[in-house]
Ligand code: PEP
């Protein structure tokens, strides 16, 4: 399975940072065996898509409605029109700060799909849940309720992102990553059959150029969702290179 390395710029990046987008897109083309993408703040989607035509520019959220009284929100059609080809939904920062439920995430994934956007659905446990021995139960419950029945490998990827690993510099052991990704794979296959074996499962949480090779070598780790280390070509490209080497 071709690995996907997707950057999540979160609320970072202004017009002056389009040079970094161009540098990443240009350098990533040297690794045709790896799919790469950058999920940018909404204000940068159109200018980035114009600056790097053909490169996969994504959003970080997509509202479930087509239009209407949803102040401050953006629909799939708006994101598509701006030049996005994919979107993240259900990032833990949005689940926590915006109170997004699994049902919301499922509806958002379907709304994005209706506009032909690819979707990365995020799941992950908190530190308290891991300490309580509930990590797998929590993640599998989120997965079951966040994925629509229509999910298919040609448009949907799952990102396993332990909340306690995001932006902290801490990562789970490769054994724990293997166990969680294996459990997610089994759940996907049980629900979606053969296509569940083909759905990409990304790891996210403090992945960087130093730890990418070992994380991407774990069975069922089909790529990465990268926050802090996606903001510059210097930090992002070593992860893409590690994915190419792991293919
Ligand atoms: C993320 O927010 O999706 C993420 C993985 O962030 P970081 O790489 O900075 O931990």
* To do: First check a/c for region 126-170, with a ≥ b ≥ c the square roots of the eigenvalues of its C-alpha gyration tensor; if it is under 1.5, answer rounded, and if not, answer prolate when a/b is larger than b/c or oblate otherwise.
  => oblate
* Choice from 209, 99, 58 showing the highest fluctuation, given a GNM over the chain with Cα pairs closer than 10 Å -> 99
* Relative contact order %, region 66-191, counting alpha carbon pairs below 8 Å whose residues are six or more apart -> 24
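Counting other C-beta atoms within 10 Å, which of 236, 192 has the fewest, and how do the rest follow?
Details: 236 24, 192 18.
Fewest-to-most Cβ neighbours within 10 Å comes out as 192, 236.
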* Sorted from largest down, give the three principal axis spans of the alpha carbons of region 116-247, whole angstrom values. => 39, 37, 24
* Asked: Ranking 230, 146, 101, 85 by Cβ neighbours within 10 Å, fewest first, what do you get?
  -> 101, 85, 146, 230
* Structure fact -> Scoring region 1-62 by relative contact order with C-alpha pairs under 8 Å, at least six apart, yields a percentage of 42
* To do: Would you please calculate the Kirkwood hydrodynamic radius of region 1-155 over all C-alpha pairs and express it in Å, rounded to one decimal?
  => 16.3
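Summing -39500 (n - 2.57) over the DSSP H runs of n ≥ 4 in the chain and dividing by its residue number, what mean residue ellipticity at 222 nm do you reach, to the nearest 500 deg cm²/dmol?
Working: 11 runs with 107 residues, N = 247.
Rounded to the nearest 500, the figure is -12500 deg cm²/dmol.
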* **Relative contact order (percent, whole number), region 126-200, Cα cutoff 8 Å, 6+ residue spacing** => 40
* Sorted from fewest to most neighbouring beta carbons within 10 Å, what does the list 122, 62 look like? -> 122, 62
* Asked: What shape does region 1-55 have by the C-alpha gyration tensor, where a ≥ b ≥ c are the square roots of the eigenvalues, rounded means a/c under 1.5, and otherwise prolate means a/b greater than b/c and oblate the rest?
  -> prolate
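Bear in mind that the values in this text are calculations on the coordinates, not laboratory data. Predicted model, so just to flag it, every value in this text is computed and none were measured. Heads up, the Cβs are rebuilt from the backbone with ideal geometry, glycines too, and the neighbour counts pull from every protein chain shown.
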